[in-house]
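Just so you know, all these numbers are worked out from the coordinates, no wet-lab data involved. This one's a predicted model, so the numbers in the text were calculated from it and none came from an experiment. Positions of Cβ are backbone-derived with ideal geometry, glycine not excepted, and every protein chain shown enters the neighbour counts.
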Amino acid sequence: MPLPGARDSAAQALRHVADQLRGKCPKLGAFIDDSETDVLAHLDFPSQHRTRIHSTNSLERLNKEVKRRADVVGIFPNEGSIIRLIGAVLLEANDEWQTQNRYMQTEPMAELMAASTKPETVRLSTAAA
């Protein structure tokens, strides 16, 4: 689960940086203020997942593998063949993530999802409107 004060201290540090930049670059300070939620979104995830989601390294590696496989083929006869090749590469990566190195542990994510989904009680009126 997220550390209790991690998001608060990160938000405070981000606001401090925005305040320092506001004098010289007011638009940049406003941009940082507007993007605080997006920048700190990774802190809502369990701490053991943060190292995986704070960068795009895994996506870049996957894109590189797709490009490498596509370069071997060279020219594709139709769009369907491209989709089959890329689909096969993605399925292979998915299988590897699920079986070999267990990219992200599922238990902390299940706890996160259980905490964020609160059952709503819906009350319907029986009176005609």
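Is region 1-54 rounded, prolate or oblate when judged by the Cα gyration tensor, a ≥ b ≥ c being the square roots of its eigenvalues, rounded requiring a/c under 1.5 and prolate requiring a/b larger than b/c?
Prolate shape, in that a/c is at least 1.5 and a/b is the bigger ratio.
For region 48-88, list residues with backbone N below 17 Å from a point placed 7 Å from the Cα of W97 toward its Cβ?
Counting backbone N atoms under 17 Å from the label point, the list is 48-67, 86-88.
Report the charge-dipole magnitude of region 56-103 in Debye, nearest 20, computed about the Cα centre from +1 at each Lys and Arg Cβ and -1 at each Asp and Glu Cβ. Provide the component values of the computation, followed by the final result.
On the way: 7 positive and 7 negative charges, 19 e Å.
Charge dipole, region 56-103, about its Cα centre: 100 debye, nearest 20.
Please give the contour-minus-distance gain from D34 to R50: 0.36 nm per residue of separation, less the Cα-Cα distance, rounded to one decimal in nm.
On the way: separation 16, 0.36 × 16 = 5.76 nm, distance 2.21 nm.
Length gained between D34 and R50: 3.5 nm.
Mind giving me the FRET efficiency for A11 and F76? R0 is 41 Å, r the Cβ-Cβ distance, nearest 0.05 is fine.
0.30
Write down the Kirkwood hydrodynamic radius of region 56-103, to one decimal in angstroms, obtained as one divided by the mean of 1/r over all alpha carbon pairs.
Hydrodynamic radius (Kirkwood, Cα only) of region 56-103 equals 11.5 Å.
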